[in-house]
Amino acid sequence: MLSHAPKRNSFPVADYHLSHAADRELAEIYTYTFQTFGQAQADRYADQLLASARLVADFPLLGRDYTTGDGVEYRRYGSGRHFLFYRLRDDGDIVIDHFIHQARDFDQLL
């Protein structure tokens, strides 16, 4: 009997990790959004930011190169009104270092 189940992709899937700073920033974004726009919007926006983290883990070169004035290299990807600043690890995984609002001074916060 032939199986018609779809074949699984054979390429490795990267994972993402949140730094302590990114975890704290995500919590602050959630709290602000909850207090300003309510729980439903806070849930949607947090889900959107985490979906973007998953997306850059799957496609790490999606974000643009960003180098701070001090020479620290990141990639950045926009999601809503925030940018995810992330780095690729040697094992292929992604570290989300920061979630920073688009109106902020990135170099000052990185």
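All of the numbers you see were taken from the coordinates with simple rules; none came from a lab. If you're wondering where the values come from, they're calculated on a predicted model, not measured in any experiment. Every residue, glycine among them, receives a Cβ derived from its backbone with ideal geometry; neighbour counts consider all protein chains shown.
Please work out how much length the chain gains when fully extended from THR68 to ASP91, using 0.36 nm per residue of separation minus the C-alpha to C-alpha distance, in nm with one decimal. Kindly include the intermediate steps, with their values, before the conclusion.
Details: separation 23, 0.36 × 23 = 8.28 nm, distance 2.37 nm.
Stretched out fully, the THR68 to ASP91 stretch lengthens by 5.9 nm.
Does the chain come out rounded, prolate or oblate by the C-alpha gyration tensor, with a ≥ b ≥ c the root eigenvalues, rounded set by a/c under 1.5 and, if not, prolate when a/b is larger than b/c and oblate if not?
Values: a/c = 2.76, a/b = 1.36, b/c = 2.03.
Cα axes put the chain in the oblate bin.
Please report the net charge: other residues with Cβ closer than 10 Å to the Cβ of ASP65, K and R +1, D and E -1.
Working: positive: ARG64, ARG75, ARG76; negative: GLU73.
Once positives and negatives cancel, what remains is +2.
Sum up the charges of everything whose Cβ sits under 11 Å from the Cβ of THR31, counting Lys and Arg as +1 and Asp and Glu as -1, but leave THR31 out.
Working: positive: ARG24; negative: GLU25, GLU28.
Value of the local net charge: -1.
Fewest to most neighbouring Cβ within 10 Å: what's the order for ARG64, ARG89? Could you put the intermediate results ahead of the total?
On the way: ARG64 11, ARG89 14.
Least to most surrounded, the residues fall as ARG64, ARG89.
Extension gain THR36-SER19, at 0.36 nm per residue separation less the Cα-Cα distance, in nm?
Residue separation times 0.36 nm, minus the Cα-Cα distance, leaves 3.6 nm.
If you stretched the chain out fully between ARG44 and ASP107, how much longer would it get, using 0.36 nm times the residue separation minus the C-alpha to C-alpha distance?
Details: separation 63, 0.36 × 63 = 22.68 nm, distance 2.80 nm.
Working it through step by step, the gained length comes to 19.9 nm.
Once you have a ≥ b ≥ c as the square roots of the Cα gyration tensor eigenvalues for the stretch 59-110, tell me rounded if a/c is under 1.5, and otherwise prolate or oblate according to whether a/b is larger than b/c.
Values: a/c = 2.09, a/b = 1.31, b/c = 1.59.
Cα axes put the stretch 59-110 in the oblate bin.
Please list, ordered by chain and number, the residues whose modelled amide H lies under 5 Å from the amide H of HIS17; skip anything fewer than 5 residues away on the same chain.
Under 5 Å from the amide H of HIS17 lie the amide H atoms of ILE94, VAL95, ILE96, each far enough along the sequence or on another chain.
Which of GLU25, GLU73 has the fewest other C-beta atoms within 10 Å, and how do the rest follow up to the most?
Details: GLU25 21, GLU73 10.
Going from least to most buried by this count: GLU73, GLU25.
Given only helices, namely DSSP H runs of n ≥ 4 each adding -39500 (n - 2.57), what is the per-residue ellipticity at 222 nm of the chain, to the nearest 500 deg cm²/dmol? Each step should come with its number before you reach the end.
Numbers: 3 runs with 42 residues, N = 110.
Calculated at 222 nm, the ellipticity per residue is -12500 deg cm²/dmol.
By average Cβ neighbour count within 10 Å, what is the ranking of 50-62, 33-45 from highest down? Walk me through the numbers before you get to the answer.
Details: 50-62: 16.2, 33-45: 13.2.
Result, highest mean Cβ count within 10 Å first: 50-62, 33-45.
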